[in-house]
Amino acid sequence: MRYLIVIEKTNTGYSAFSPDLEGCVATGSTKEKVERAMQEAIEFHLEGLRKEGYEIPSPHSYSTYLEASA
């Protein structure tokens, strides 16, 4: 499954989360590191859900950009 992740720049690097996986977050000092950390976090999160007998959520979020005048 493909899950959307949102990556945000912080004062110390980057943070990421997935709107489809509540509580699944990661941080990293670079974009590449936060993406790698988030991949690991998602796999760990899904493994935990499976072990506890919870349903694996289907991806449902999407992203788009909108133009706005400032």
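Bear in mind these aren't lab numbers, they're just calculated from the coordinates by the rules spelled out. Keep in mind it's a predicted model, so treat the numbers as computed, not measured. Reconstructed Cβ throughout: ideal geometry from the backbone, glycine too, with neighbour counts over all protein chains shown.
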- Quick one: would you say residue 66 is more than 12 Å from the chain's Cα centre (by Cα) and assigned to a loop (DSSP other than H, G, I, E, B)? yes
- Message: Take the conditions surrounded by 14 or more Cβ atoms within 10 Å (Cβ to Cβ) and β-branched (Val, Ile, Thr) and apply them to residue 25. Does it pass?
- Response: yes
- Message: So in region 36-56, with the set limited to residues that are closer than 14 Å to residue 3 by Cα and surrounded by fewer than 16 Cβ atoms within 10 Å (Cβ to Cβ), which one is nearest to the chain's Cα centre (by Cα)?
- Response: 39
- Task: Among the residues of region 1-20, write down those that are surrounded by fewer than 17 Cβ atoms within 10 Å (Cβ to Cβ), touching a helix residue (DSSP H, G or I) at 6+ places or on another chain (Cβ under 9 Å) and in contact (Cβ under 8 Å) with a residue 24 or more places away in the chain.
- Result: 1, 7
- Item | Residue count for region 21-69, restricted to those that are touching an Asp or Glu at 6+ places or on another chain (Cβ under 8 Å), within 21 Å of residue 9 (Cα to Cα) and touching a residue at least 40 places away in the same chain (Cβ under 8 Å) | 1
- Limited to region 38-60, what total is found for residues that are touching a Phe, Trp or Tyr at 6+ places or on another chain (Cβ under 8 Å) and assigned to a loop (DSSP other than H, G, I, E, B)? 1
- Message: What's the total number of residues in region 22-35 that are charged (D, E, K, R) and either in contact with a Pro (Cβ under 8 Å, 6 or more places away or on another chain) or within 14 Å of residue 6 (Cβ to Cβ) (or both)?
- Response: 3
